Amino acid sequence: MPLLEIKNLHVGIDGKEILKGVDLSVNAGEVHAIMGPNGSGKSTLAYVLAGKADYTPTAGEVLFNGKNIFAMEPDERAAAGLFLAFQYPLEIPGVATMTFLRTALNAQRKKRGDAELSTPEFIKKVREVAGKLGIDQEMLRRAVNVGFSGGEKKRNEILQMALLEPLLAVLDETDSGLDIDALKIVADGVNRLRARERAFVVITHYQRLLNYIVPDVVHVLSRGRIVKTGGKELALELEARGYAEFHEEAAA
C-alpha cells in the first residue's frame, strides 16, 4: 500500500479550477520531485495536503497511510505524520524557538496518545538533533525566524522536521531565493532524514535542488495535471529544454 495515494484530485479556488485530475502514488522510502512552471498548481497541491483553509477539493480522494486525509483536521494530519515545509517560513515575534519546538512536539505526542516530554527530556533531545544538523544553541533562544537569514530559517525548519519525525515531508519550493550554502543546508537535512519508513515530496521550479536531493521519481505538473513521469534524468531534461512542450499536453 502506498504511503500517499492521490486519485483524480480536483481543486478549485474562488471558482477557478487549479488542479484538474492529479494522480500520484508515493511509497515509503521514496523521494518524489514535482516540477512545473509557475501557476501549474504545485503549491496548491501542497496546501491541500496540509489542510490549508480555502483549499477545498471538488473531486477525487487522497489517502495517507490508508486513511482519507480529507476526514482529518490539519493537526490530525500532523499527528499522523505529515509535515509541510513552507516556501517562506513564518516569523513569530515574542516566541522563543525552543518554546515553539517543545509546544509543537508535545502537541503532536499528545494527539498520538504519547506522554509529553519533560523539560529535561526535551532539552536533551533538541540538543542532540541540533548538534547533528550543525545548529547553534544561541539560535534556539531567539524568537522564531525573527531576524534569521534565509539559511537560518531553513535550518530551523529542518530542525522541526527532524524533531517531529514525519512519515511524509512535503517541501513546497523550499529552495526559493536560497543561495548555494542555504540550499546545501536544506539538502543535507533532508538526506540525513531519508529512511525506509519515510517519504519526501519535493516541489520545485528548478533542477538545482535536485543536484543535492536526488529523487527516485520526477513528475511534471502543468496546468493542473501531471503530464509526465520519469527518473532523475527528467529533471535535467527540464532544465535544458524548459516547460513549453508540456503546456500543450496539459491543455489537450
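Since every read-out is calculated from the coordinates, none of them should be taken as a lab result. All figures in this text were calculated on a predicted structure; none of them were measured in a lab. When we count neighbours, we look across all protein chains shown, and the Cβ atoms used for this are built from the backbone with ideal geometry, even at glycine.
A few comments on the model shown:
- Note on E73 and N211: their simple-model spin labels are 4.4 nm apart, each label 7 Å out from Cα toward Cβ.
- Residue-averaged [θ]222 nm for the chain, counting only DSSP H segments that reach four residues, each worth -39500 (n - 2.57): -11500 deg cm²/dmol
- Among beta bridges identified by DSSP and lying wholly in the chain, the antiparallel ones come to about 55 percent.
- In this structure, the residue pairs whose Cα-Cα separation is over 30 Å, taken from K16/K110; K52/K111; K42/K124, are K16/K110; K42/K124.
- Comparing A80, V26, S176 along the charge dipole axis of the chain, the residue lying farthest to the positive side is A80, per the Cβ-charge model.
- Placing +1 on each Lys and Arg Cβ and -1 on each Asp and Glu Cβ, with no other charges, gives the stretch 4-251 a dipole about its Cα centre of roughly 600 debye.
- 5 angstrom amide H check on L19, placed H, neighbours 5+ away: V11
- Based on Cα contacts under 8 Å between residues 6+ apart, the chain shows a relative contact order of 28 percent.
- The distance between label points at I13 and A53 comes to 1.5 nm (points 7 Å beyond Cα on the Cα→Cβ vector).
- Rounded to two decimals, the Cα-based Rg/Rh of the chain, with Kirkwood Rh, is 0.96.
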